[in-house]
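Worksheet for the structure shown next.
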Amino acid sequence: MEKIKVIIAEDEPPIARFIKMLTEQEDDFLVTAICENGEDALKEVENSPARLLITDIRMLGMDGLELIRRIRQKNQEIKILIISGYKMFEYAREAIRLGIEDYITKPIEPEEFAEALDRVRRHYTREDRLERQFRLEKALKNKDGKAWVENVPGKLLEVMNIYQSGDANENIPFHVRMMEDIYILNYKDSLLYLRCMEEGMENGKTVGRLRKIMDLQHGRTVAGVLIREMKAGEENIGQIRELYRHVRKLAVPGKKVAEDYGNIAMLKPAKGVVGDELLKKVKMDMEADSRKQFMEDFRKLFDGWEQKKAAVYQMKSALYEMADSLNRAGWLLGESMALKEYIDDSIHYSDSYEEIRENLSGFLEESIKEGGGRSGKEARILFEEIRELIEKRTDRNYSLAEISSRFGVSQPYVRKVFKTYAGVTYNEYVLREKIEIAKSLMELNPYMMIKDVADAIGFEQLYFSTVFSKREGVSPSKYKMSFL
């Protein structure tokens, strides 16, 4: 991270010099201007890339509080420290309302001042990491090798890919996701962990974290692979895609599988795809037009897969083929794509062969019998009840698992209902609604702290800032600024 540029507004030169000395004693800070009044400080803030203002309150002309008010009309991003000889409550309350980082009284205690700067440093370090993380994620998604190389901060990478059932961001605790020395990217239905290194640095430090993450997922389907050293370059895009495919072939329902390799070339081939023999009987049932026998044999498929410990990737391939066969046989009330989406959800949100079987059996029984299926009225009622619960408790963050348990239905069925009546999955719907609530709160009160906005919708501040920026293309702070 480049040095944080600082402007000091203080009308007593000896104190200003002392503040400058204390500031530049700390790593990552550089004082670019010292101003003796608010007017000059305002011009400096408006015309420079400074990220921190340190200001007194009482100055000739424009005082510190008016300076902050004027700055906040155009700049919600800059961090502000107040240093004042006045301990008056009214000053402190107004300063807090204007969104300052800290209020330090004179005489300045170097230790207290250093702690305040450290909070500023940590804030910008996290913001810079999130921004770089977003660019890396975008480069990976777009297969943009050039953008990838431009944003990798190091010559070597330690790479870990983890696939797990359920929503990865929901299941991994936030403090683990935001490990300070690791970038964590969403990649398809997995998480990619990148530790950037320089030559000579010790690799393999992520091994313990891989085990810790897996241990946290009680009863989950989890597969993780660590590559201890990967040379940074445009070829990383293809290597990461190869790693992801390998991890998917390792994932077995309800099991935890971990592998550790020195480099990408050492990957051992995963098990092949389940053969046609497992589908022969159900295909014969289709040819005989025997729906009842088909359902009996379909359920037996999973007993064979469980005995062979078939990976989720293998089952998905076989079930996709079955969906196409059902469509050709004219058995499906809808298109095979709807069944394939349900296959994806059933596998990804289930943690045993039995759970996958029961979810898919229920769907197929409704889909292949003539005129069958759960009534639209019943599904609509379920949708309205869930939507009402979400609207009443905007401060809660109900997971898909909690909703399915609360209403006594499967997770894939909840996703299906929301796809039908909202046009998006449950998680997408909740995120969309919460972001809209957050936007309304900021529009009504642009001075509202980002932390308070995040709390109001049941999100942690850093996670809220990340998802808001991704969806809206602008940070929450910049969004607020447009309504001042």
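The values are calculated or read from the model by the stated rules, or taken from the named source; none is laboratory data. Given the structure is predicted, the values throughout are model-derived calculations rather than measurements. Note: ideal-geometry Cβ built from the backbone for every residue, glycine included; neighbour counts use all protein chains shown.
Some notes on this structure:
- Within the set Thr32, Thr55, Thr23, the sole residue that is among the β-branched types (Val, Ile, Thr), farther than 27 Å from Gly154 by Cα and touching a residue at least 60 places away in the same chain (Cβ under 8 Å) turns out to be Thr23.
- The one condition in (1) without any contact (Cβ under 8 Å) to a residue 12 or more places away in the chain; (2) in contact with a His (Cβ under 9 Å, 6 or more places away or on another chain) that Pro412 fails to fulfil: (1)
- Lone qualifier among Val424, Val467, Val474, Val453 - being of a type in the set (A, V, I, L, M, F, W, C) and within 30 Å of Ser361 (Cα to Cα): Val424
- Region 206-222 - residue that is buried (at least 16 other Cβ atoms within 10 Å of the Cβ) and either part of a helix (DSSP H, G or I) or of a type in the set (Ser, Thr, Tyr) (or both) and, of those, modelled with the highest pLDDT: Thr221
- Restricting region 1-51 to residues that are surrounded by fewer than 19 Cβ atoms within 10 Å (Cβ to Cβ) and polar (S, T, N, Q), the residue that is modelled with the highest pLDDT: Thr32
- Total residues in region 384-425 satisfying the condition of being polar (S, T, N, Q) and either loosely packed, with under 12 Cβ neighbours inside 10 Å or assigned to a helix (DSSP H, G or I) (or both): the figure is 4.
- A search for C-beta distances below 6 Å between a residue of region 131-149 that is under 19 Å from Leu462 (Cα atoms) and any residue that is assigned to a helix (DSSP H, G or I), counting only pairs 6+ apart in sequence or on different chains, returns Arg132/Asn151; Arg135/Asn151; Leu136/Asn151.
- Lone unmet requirement of (1) assigned to a helix (DSSP H, G or I); (2) among the small types (Gly, Ala, Ser); (3) farther than 16 Å from Ser165 by Cβ; (4) at pLDDT below 90 for Gly272: (1)
- Any chance Ser440 is in a helix (DSSP H, G or I), modelled with pLDDT under 90 and not basic (Lys, Arg): no
- Any hit, region 251-262, residues being at pLDDT below 85, outside any helix (DSSP H, G or I) and either closer than 22 Å to Arg357 by Cβ or not basic (Lys, Arg) (or both): no
- For Glu77, the conditions (1) within 24 Å of Glu131 (Cα to Cα); (2) of a type outside the set (S, T, N, Q); (3) at pLDDT below 80; (4) touching a helix residue (DSSP H, G or I) at 6+ places or on another chain (Cβ under 6 Å) all hold with the exception of (3).
- Residues in region 324-354 that are surrounded by fewer than 22 Cβ atoms within 10 Å (Cβ to Cβ) and without any contact (Cβ under 8 Å) to a residue 60 or more places away in the chain: 18 in all.
- Enumeration of residues in region 351-383 that are within 17 Å of Phe418 (Cα to Cα) and at pLDDT 85 or above: Asn359, Arg380, Ile381, Leu382, Phe383
- Within region 248-261, residues that are not assigned by TED's automatic domain parsing to the domain that holds Ser190 have Cβ atoms under 7 Å from residues that are part of a helix (DSSP H, G or I) in no pair, counting only partners at least 6 apart in sequence or on another chain.
- All of Glu199, Glu158 fail the test of being at pLDDT 80 or above and either acidic (Asp, Glu) or over 21 Å from Leu136 (Cα atoms) (or both), apart from Glu158.
- Identity of the residue in region 306-321, touching a Leu at 6+ places or on another chain (Cβ under 7 Å) and surrounded by fewer than 23 Cβ atoms within 10 Å (Cβ to Cβ), that ends up farthest from Lys256 (Cα to Cα): Glu321
- Phe459 meets the conditions (1) in a loop (DSSP other than H, G, I, E, B); (2) farther than 30 Å from Ala379 by Cα; (3) in contact (Cβ under 8 Å) with a residue 12 or more places away in the chain in every case but one. The failed one is (2).
- Condition met for Ile381 (out of contact with any strand residue (DSSP E or B) (no Cβ under 9 Å at 6 or more places or on another chain), outside any loop (DSSP other than H, G, I, E, B) and surrounded by 17 or more Cβ atoms within 10 Å (Cβ to Cβ)): no
- Scanning region 406-435 for residues being at pLDDT 85 or above, hydroxyl-bearing (Ser, Thr, Tyr) and either within 24 Å of Gln217 (Cβ to Cβ) or under 18 Å from the mean Cα position of the chain (by Cα) (or both) gives a total of 2.
- Hits in region 440-484 (condition: of a type in the set (D, E, K, R) and surrounded by 18 or more Cβ atoms within 10 Å (Cβ to Cβ)): Lys480
- Region 49-88, subset small (Gly, Ala, Ser) and part of a loop (DSSP other than H, G, I, E, B), residue farthest from Thr125 (Cα to Cα): Gly61
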